[in-house]
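Student: Here it is, the structure in full.
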Amino acid sequence: MDEKANALTIDVEDYFQVAALAEAVSRDDWPSMEYRVEANTAKLLDRLSEAGTRATFFTLGWVAERSPGLVRQIRQAGHEIASHGYSHQLIYKQSPQTFREETRKSKRILEDIIGEPVNGYRAASYSITQQSRWALDILCEEGFTWDSSIFPVHHDRYGMPGTPRWPHRLETETGLELAEFPLSTLKLPGYVLPIAGGGYFRLFPYWFTQWGLGQINRQGHPFVFYLHPWEVDPGQPRLEVRWLSRFRHYNNLERCEGRLTRLLQRFHFTTVSDVLIQEGVLDPGQAGNGQRTAGDRHGRAAAVPAKTQNSGA
């Protein structure tokens with residue numbers, strides 16, 4: 001296993017909340033959809049416990065309201081709780097006022113559940129772009145100290161090409177500061193390739209992902225890897241969407257859990273806060289609930305049962 005510490009992140013949302021499936025499911029439909037996020041997150045907690053790995057769980061406020069026991073279980077297992085917003089809407093389609101209200105609401109829900117500060121944020125579908133850069137000021141004003149929303153690539157739904165590829169401190173439009181952990185990319189001749197996980201992890205052959213992430217470590221940098229609970233659920237309902245959305249969402253779901261197990265054996269992972277502190281871009285006092293404790297010197301997850309019985313447990 002490589003010893004360079006990297007950030008492992010889980011975006012806690014259900015299959016029907018994904019932007020790629022929005023053409024088939026509206027927000028009004030969510031309460032009536034089959035709810036699978038608890039069982040799938042428990043499966044991921046089992047894999048992380050087996051590997052002795054801590055991670056950051058960017059948790060959707062909508063899910064946290066319905067599954068406070070799941071949020072407590074994640075935290076009790078030694079993982080970091082961060083915000084994924086409330087309703088998984090693209091930020092550049094929200095007004096600043098709506099974004100502020102949802103961001104504040106989600107932060108409060110999570111903090112009330114775990115009784116600790118929640119200082120980290122990730123936008124739905126990485127939708128902090130040049131068009132919505134104003135959101136970074138609101139994050140600072142609402143008490144967040146770090147973010148992992150910026151993808152320095154060209155993409156039809158997200159991306160901020162040309163921005164720094166490694167953890168850094170960024171200055172917002174009004175002069176505030178925020179620690180940023182951009183989603184990981186591989187620089188190829190004439191092209192910056194996204195390689196941070198999710199659909200890319202399922203699209204690329206496993207050997208290529210391992211090689212690409214290893215390249216980042218060999219260059220002396222940490223990478224951030226992301227996954228969703230629905231990506232280890234090949235039995236999820238199939239929704240009728242256009243071919244590109246169908247490909248992005250359903251491609252290689254049956255291979256994802258096995259690939260994740262291999263990745264956990266190959267690389268050293270911990271929380272986003274731990275890596276940002278180690279990289280010198282986040283002060284330990286700004287880590288909220290994500291910093292490794294003195295009794296957890298190796299950044300390993302607590303070995304606690306990962307099964308949840310009900311949403312209010």
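Student: So which residues in the range 251-288 are open to solvent by 40 Å² or more (accessible area, probe 1.4 Å) and among the small types (Gly, Ala, Ser)?
Tutor: Within the range 251-288, GLY258, GLY280, GLY285 qualify.
Student: Still on this structure, please answer the following. How many residues are out of contact with any Asp or Glu (no Cβ under 7 Å at 6 or more places or on another chain) and part of a helix (DSSP H, G or I) if we restrict to the range 122-135?
Tutor: In the first step, residues of the range 122-135 are kept if they are out of contact with any Asp or Glu (no Cβ under 7 Å at 6 or more places or on another chain); the result is 123-132, 135.
Retained after the next criterion (residues that are part of a helix (DSSP H, G or I)): 124-126, 130-132, 135.
Residues meeting the conditions: 7.
Yes or no, residue by residue, for (1) crowded, with 20+ Cβ neighbours inside 10 Å; (2) in contact with a Pro (Cβ under 9 Å, 6 or more places away or on another chain):
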residue: VAL192; (1), (2): no, yes
residue: GLY198; (1), (2): no, no
residue: LEU203; (1), (2): no, no
residue: THR209; (1), (2): yes, no
residue: PRO229; (1), (2): yes, no
residue: PHE247; (1), (2): no, no
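Student: Answer yes or no as to whether GLN131 is over 18 Å from the mean Cα position of the chain (by Cα) and either closer than 18 Å to ARG169 by Cα or not charged (D, E, K, R) (or both). Can you show your working first?
Tutor: Numbers: over 18 Å from the mean Cα position of the chain (by Cα): yes; either closer than 18 Å to ARG169 by Cα or not charged (D, E, K, R) (or both): yes.
Spelling it out, GLN131 is indeed over 18 Å from the mean Cα position of the chain (by Cα) and either closer than 18 Å to ARG169 by Cα or not charged (D, E, K, R) (or both).
Student: Read through the list (1) farther than 25 Å from GLN291 by Cβ; (2) buried (at least 21 other Cβ atoms within 10 Å of the Cβ), then give the number of the only condition that TRP146 fails.
Tutor: Condition (1) is where TRP146 drops out.
The values are calculated or read from the model by the stated rules, or taken from the named source; none is laboratory data. None of the values given here were measured: they were computed from a predicted structure. No Cβ is skipped: glycine too gets one built from the backbone with ideal geometry, and neighbour counts run over all protein chains shown. Just the protein is used for accessible areas: all its heavy atoms, side chains included, with ligands, DNA and RNA removed. Shrake-Rupley method; radii C 1.70, N 1.55, O 1.52, S 1.80 Å.
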